[in-house]
Amino acid sequence: MRFCAHAFAAVAALTLFLSPSVAQSGTPVAYTDPDTGITFDTWTVSETLSTGGFTFGMALPSDALTTDSSEFIGYLLCSSQNTTSTGWCGVSLGGTMTNSLLLLAYPYGGSILTSFRYTTGYYLPVAYTGNAELTQISSTINATHYNLIFRCSNCLQWTQGSESGNATTSAGLLDLGWAQAFPAPGNPSCPSDITLNYHDNGHNIWAATLENAPNTSYTDWAALAKTTVKGRCSTTTGSTTATPASSTPLLARATTTPK
Ligand code: HEM
């Protein structure tokens, strides 16, 4: 398994080097969120490769380059085409769409809803049944972008039925993937029951070098993650019924973008 992960990292790195169509550099750009003070390694997909651009960022526990972390603090900055096509975006925590833990996010009703997904083929991923957990730290939504900062617990190792996989932070290099779509998900109020169209605003894999992600303030930052936004699911569908657990509605405010 470890060999496979390293072999894949090597292939991904080589692809990154050789392919002119590659999404973005694996070299991170350090970005500190002004509201929370959290510093991320960020990787940005340019507007030419995905309309409106896309940025993913990661902060990790201080020892993550020597001891594999099962969690991270994430940063997502995704694009909406207009007020109707508010879209969705996602990351693959194993690089490929298949056999990796997928996280997708989309704006809806003034909040950003999220769903963990998994698939063994290139079709609509099903809801992930493992124990990954997402708690929000902050979110912003405007007409063109939405931004989510979140703690992702049990996200760097995954199990779905008989399949399992992991991302090894101690390698200093993660295989990650991104995908972005223009249309909003169908049935958006219930993240576990959404329908999706293909990611028509791009996708790709990149080999993400970890540089500034580990930080001694990680534990303090992780403690900022207090909000669980579950959406609203009908009891008749068999999904968890939930209203946003936050006592503070996540309202739109100005988005700060990394340069
Ligand atoms: C209806 C839903 C979806 C369909 C039909 C779909 C289909 C596909 C197809 C056909 C490819 C390969 C394209 C190519 O080789 O050029 C692909 C790649 C990819 N998809 Fe999806 N996808 C869906 C949802 C998702 C979601 C929810 C995510 C992440 C949250 C995701 C992440 C990716 C990534 C990272 C790639 C590039 C890596 C790879 O080829 O494995 N996809 N998708």
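Only the coordinates and a few stated rules stand behind these numbers; no lab work does. Small disclaimer: the values here were computed from a predicted structure and weren't measured. Neighbour counts run over all protein chains shown; Cβ positions are idealised from the backbone, glycine included.
Where Lys and Arg each count +1 and Asp and Glu each count -1, what net charge lies around N99 among other residues with Cβ under 13 Å from its Cβ? Kindly include the intermediate steps, with their values, before the conclusion.
Working: positive: R117; negative: E163, D175.
Charge balance near N99 sits at -1.
Which order do D220, D63, D193 fall in if you start with the one that has the fewest other Cβ atoms within 10 Å?
Working: D220 11, D63 14, D193 18.
So the ranking, lowest neighbour count to highest, is D220, D63, D193.
For region 108-213, compute the orientation-averaged projected area of the C-alpha convex hull (one quarter of its surface), in nm².
Values: hull surface 31.4 nm².
Projected area, direction-averaged: 7.9 nm².
Here the relative contact order of region 48-200, from alpha carbon pairs under 8 Å that lie six or more residues apart, stands at 29 percent. Taking 0.36 nm per residue of separation and subtracting the current Cα-Cα distance, fully stretching the chain between Y198 and T129 would add 22.6 nm.
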